[in-house]
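Every read-out reported here was derived from the displayed coordinates using simple, explicitly stated rules and does not represent laboratory data. These numbers were taken from a predicted model, which means no experiment stands behind them. Because the Cβ atoms are built from the backbone with ideal geometry, glycine has one as well, and the counts that use them run over all protein chains shown.
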C-alpha cells in the first residue's frame, strides 16, 4: 500500500544517504513517468511492506527522482520500480513489475529463492529479487589505516580469487570461513612468506552467480550487478551489512602485512546481458543511457563478448564510474584497480573508438585517484587492441605481448630471440615512445583467463567440455606445449622437462624489467586439467588445492627465492621517475650468443646471452630454448662467476643464494637443453 508523500528530498548525493532527518534517496531515470520506492522487511517478501510514490514535480529535479524518508536505519531493505514505456524499438525497457536495485547501493541482500529467470520473464519478481540495503559506511574503525602507495618497482602482484584461495578443505581454514574475505585473512602469512607485495583480486563487486550454463555457477564474477556493493557470498557472516566490515577487515589486515589490494573491476558490461537477459537495475531505470545500443535500439552492442556494453562515456555513466572508484579508495581503502577490457571505455555512444575518451582522461587526471594504481587490460572483445598506445600518463598496462612472446620462445618457436630480449627489458619496442618507466609493462605468463602454468606445459589443446559448451568456449591460440604427452605426465623424463619449463617461465617473468604478476597457485603447480576458461567451475577444478604445496615444494621454493632475489636487486629499484628509454640508455648491457659479443638473432636461433652491470654486481644471463646442449663463452671476471640459477639442475642447486653460490671455474658454461642460467660476479670498482 502506498504511503503518504514524504519530504521531497534532494537530487544529490545519489543513492541512499543517512542525514539528520532520515534517509535521502536519489536515482537517475530520465524517461520514466513515475518511480516507486519499495521498502521491505524481509528479503524474500512477495511484496513491500511500504511503497513510497515519487511523483512529479515534487520528487523530481531534472532527470533525478528523490525523496527523504524519516525513521529509517542502516540495514533497511529497499528497491525501486520504474514506470514508463516498454518500447525496445526506441531503446526503452521500463517494466513496473520488476524490482530494481539502486545503482549506488553499498550492500545487497539476496533471497534464498533468488532467480535470474524471474528477472528475465514477464511478471512480478519481488520475492525472488535482490534488494538494496541502506548502509552507513562511516562507522568502521580503520585504526589509522591508509592505502600503502608502494612504488611499482617494489611490487610483485599475485592475481587471486577470494573464494578459490581458501575454499578447498586442504586450505586449513575453518569451514565457516573457507572461501571468504575472513578466510583470506588467515592465509596472509603465506602470502607474506612467499614475498607477495600486492594481491589483485578477481571481481568482488556483487555479481550474478546464476549467469552460467545450466547446473553450473558463475565463479569468476565478470558480470557485475553493482559497482559499489561487495559480493555478499564472500562474507563468512550472512548479515546484510556484515560483508562491508569483513571486506574492510581484510584490507586492513593485508595492509598491516605490507601487502596492497588491487581490485579487478568490470566497468565495461553488466550481468543484464543481451536483449534476452534479466532486468536487475540499469536496464529498467534508463536503458539507453547505461548501454551502447546498436542501430536497432532493441539490440545491445557487444564489445565485451558477454551480451552488452556499458556506455562509459555518457556523462551519467562517467559519474557512476568515478563515484564508484572514489568509494573504493576513500571508504574501502583499496590501493588500485585493474580494468577489465579497458579499451571499451575509449568507445563513444555509437561504439566508435575516440581519440580522447572523456572517462579515461577523467580517471587519469582525477585527484582522488592520484596515488592509486591504475592498470588497463588494453583491449576488448570487439577487436580494439591498444597495448602500448593506451591513453594517459597514469595508466599501466597488462602486457599481453609479453605473455605471448615469452610462451612462444620457451616452447622453442623460431624467430623469437630479438623479441624475447625486448620483452625481458620492459618492451622498449612497445613502450619506448612514452615518457614512462619500465613499470608501464605489467608482465605475466598466465592469468585467470587461460591455462595455469602447469597446464601450459601439459596440454596442447583446451579441454573445456565440463563447461557445457561443447568445447567451443575459451581461447584456441594458447602457445602451449605438452612436452610430449597430453595431460598428466606418465614418465619421469616428461615430468622433469615440465618442471624445467615451469622454472624457465618463472625466471623470465620474475627477473624481467617491468612489474611481474603471478597467477594464484602457479607457485605450487595448480591445474585445471586443461580447462582454459573455468569461469563457471566453482569447484575443486578451480579451487587452490593446498596439498600441492608439499607435492611441489621445489617450485614453491624456486618462486620464493626468485621474488626475494628480485626485490633485493638495485637494478629493479632505479627506474622510479625515469623513462624506460633513459633507463636503457644509461644501463650497461652487452649482448652475446654462444660466442662473446656475437649475438645470434637469426630466425633459427633459440638462444641468447647478455651481461648486465648492476650497482654492486655483474649478471650474466643465458637463455637456451634449443633442444640440445650449447656451450656459451663467459665474459672475463676477476672475482669469478658464481652460478645462482640454473633451471636444468635439481634443487637445491637450481637456485643458490648469491653469497654461497658455487664458482664457475671454466671460461665457458655448458647450457643444457631448454634451460636458463644466471651467473653473478662482484662488479669491479
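Taking label positions 7 Å along the Cα-Cβ direction at both residue 145 and residue 121, the computed distance is 4.3 nm, reported to one decimal.
Two decimals is fine: what's Rg over Rh for region 346-484, C-alpha atoms, Kirkwood radius as Rh? Provide the component values of the computation, followed by the final result.
Details: Rg = 17.5 Å, Rh = 17.1 Å.
Looking at region 346-484, the ratio lands at 1.02.
What the Cα atoms of region 235-275 give is an Rg and a Dmax of 14.6, 46 Å. For residue 486, project a label point 7 Å along Cα to C-beta. Then give me every residue of region 418-459 with its amide nitrogen under 19 Å of that point. Answer for region 418-459: 450-452, 454-459. Counted over the chain, the DSSP beta bridges are approximately 70% antiparallel. Treating the angle as unsigned and between 0 and 90°, give the value, to the nearest 10°, between the Cα long axis of helix 553-568 and the longest Cα principal axis of the chain. Once rounded, the angle reads 90 degrees.
Stretch residue 193-residue 589 to full length: gain in nm at 0.36 nm per residue minus the Cα-Cα span? Can you show the working numbers first?
Details: separation 396, 0.36 × 396 = 142.56 nm, distance 3.25 nm.
Contour length minus Cα-Cα distance gives 139.3 nm.
Cβ crowding within 10 Å ranks 68, 447 as 68, 447, fewest other Cβ atoms first. Could you give the nm distance between label points at residue 316 and residue 476, where each point is 7 Å from its Cα heading toward the beta carbon? It is 4.1 nm.
How far, in degrees from 0 to 90, does helix 400-410 lean away from the longest principal axis of the Cα atoms of the chain, to the nearest 10? For 400-410 against the chain, the angle is about 30 degrees. Name the shape class, rounded, prolate or oblate, that the alpha-carbon gyration tensor gives for region 205-281, where a ≥ b ≥ c are the square roots of its eigenvalues, rounded holds for a/c under 1.5, and otherwise prolate holds if a/b is larger than b/c and oblate otherwise. Prolate shape, in that a/c is at least 1.5 and a/b is the bigger ratio. Compared with the alpha-carbon gap, the fully stretched path from residue 670 to residue 56 is longer by 212.8 nm at 0.36 nm per residue. Tell me, how many Å apart are the Cα centres for region 333-350 and for region 207-268? Their Cα centres are 18 Å away from one another. Hey, rough spin-label estimate for residue 210 and residue 495, points 7 angstrom out along Cα→Cβ, what's it come to in nanometres? Calculated label separation equals 4.6 nm.
Would you calculate, for the chain, the mean residue ellipticity at 222 nm contributed by helices, counting each DSSP H stretch of 4 or more residues as -39,500 (n - 2.57) and dividing by all residues, to the nearest 500?
-6000 deg cm²/dmol
Hey, of (1) 1.01; (2) 1.03; (3) 0.95, which did the structure itself give for Rg/Rh (Cα atoms, Kirkwood Rh) when calculated? It is the value labelled (1).
Given 0.36 nm per residue, what is the gain on full extension from residue 557 to residue 638 after removing their alpha carbon distance, in nm? Provide the component values of the computation, followed by the final result.
On the way: separation 81, 0.36 × 81 = 29.16 nm, distance 3.11 nm.
Contour length minus Cα-Cα distance gives 26.0 nm.
For region 438-494 versus region 620-685, the spacing of their alpha-carbon centroids is 29 Å.
Sorting the segments 306-319, 663-676 by their mean number of nearby beta carbons within 10 angstrom, highest to lowest, gives 306-319, 663-676.
With a Förster radius of 35 Å, plug the Cβ-Cβ distance of residue 461 and residue 389 into 1/(1 + (r/R0)^6) and report the FRET value to the nearest 0.05. Walk me through the intermediate numbers first.
Values: r = 33 Å, r/R0 = 0.93.
Computed FRET efficiency for residue 461 and residue 389 comes out at 0.60.
Using the Cβ-Cβ distance between residue 112 and residue 18 with R0 set to 22 Å, the FRET efficiency from 1/(1 + (r/R0)^6) comes to roughly 0.20.
Rounded, prolate or oblate: which fits region 588-682, taking a ≥ b ≥ c as square roots of the Cα gyration tensor eigenvalues, rounded meaning a/c under 1.5, else prolate when a/b beats b/c? If you can, show how the numbers build up before the last one.
Values: a/c = 1.93, a/b = 1.22, b/c = 1.59.
Since a/c reaches 1.5 but b/c is at least a/b, the shape of region 588-682 is classed as oblate.
For region 148-223, rounded, prolate or oblate, judged on the Cα gyration tensor with a ≥ b ≥ c (square roots of eigenvalues), a/c < 1.5 rounded, else prolate if a/b > b/c? Taking the square roots of the gyration eigenvalues as a ≥ b ≥ c, region 148-223 is oblate.
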